[in-house]
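See structure below.
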Amino acid sequence: MKIALISDTHAPSPTPWMQAVYDRYLAGADLLLHLGDMTGRELWSFFMQHPGFYAVAGNMDDWSLGEELETRVSMTIGGLRIGMMHGFGLSGRPLAGAVAQAFGPGYDLVCFGHTHEPAWLDYDGVRVVNPGSLRESGKGPTLAYVHVADDGTLTRELVEVPRNLG
C-alpha cells in the first residue's frame, strides 16, 4: 500500500501547480491524507476526487471548513491502525512526541503537520510522520509517502516537489 501524506498547503483553491502535483504525485496513491491547513473549501473539494482521501482540520482553515472536518481521526485500513491530526494546540515538546502521546499505544502510524518540518520518528513502537509543507511558496514544498510492505513494515519516502511543476 502507498499512502501519500500532505499538509499545510495554505491555499484556498486549487492552482495549476496543485493540479500538476496531484496528477504526478498524489493520484496514484492508495490513500491521500491531508493533515490540516488546507485553508479553503475549494481545495478540499478538489482533493475529494481521490477515492482514498481523508483530511483533518488545521488551525488556519477557514471557519466553514474547520466546522466540516474533525481535528483528530483514527482509522484502520488494511489492518493498519492510523491516527491523524494537525498538531496545533498540543503542549509538550517535541511536537511529534506530544502527537504520539495524544493517540497512545496501539497505532502503527500517527501523522501530523503544523510545523512545516518533515519528521520520521519512532515513539515506543509507534511510527510518527510529518510530511512538511506542500505550499507553493516559502519553505518546502514537500510531501511524503509511507510505503506499507506485505509484512507490515513501514518506510517513508520524502519528496521535494519542484516549484516550477506544471
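The values are calculated or read from the model by the stated rules, or taken from the named source; none is laboratory data. Since we're looking at a predicted model, the values are computed, not measured. All Cβ positions, even for glycine, are placed from backbone atoms using ideal geometry, and neighbour counts span all protein chains on display.
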Any chance E157 is among the charged types (D, E, K, R) and under 16 Å from D37 (Cβ atoms): no
query: Do you know which residues across segment 102-113 are assigned to a loop (DSSP other than H, G, I, E, B) and over 12 Å from the mean Cα position of the chain (by Cα)?
result: G104, P105, G106, Y107, D108
- prompt: Which one of these is of a type in the set (A, V, I, L, M), over 26 Å from R163 (Cβ atoms) and out of contact with any His (no Cβ under 8 Å at 6 or more places or on another chain): M75, M48?
  reply: M75
- prompt: Of all the residues that make up segment 114-166, how many are under 16 Å from L31 (Cβ atoms), free of Cβ contacts under 8 Å to residues at least 60 places away in the same chain and in a loop (DSSP other than H, G, I, E, B)?
  reply: 1
task: Tell me, yes or no, whether segment 27-41 has at least one residue that is in contact with a Pro (Cβ under 6 Å, 6 or more places away or on another chain), buried (at least 20 other Cβ atoms within 10 Å of the Cβ) and farther than 24 Å from L154 by Cβ.
output: yes
query: Which residue pairs have Cβ atoms under 8 Å apart, sit 6 or more places apart or on different chains, and have a first residue in segment 76-99 that is farther than 17 Å from L35 by Cβ and a second that is in a strand (DSSP E or B) and modelled with pLDDT of 90 or more?
result: T76/I82; G78/V148
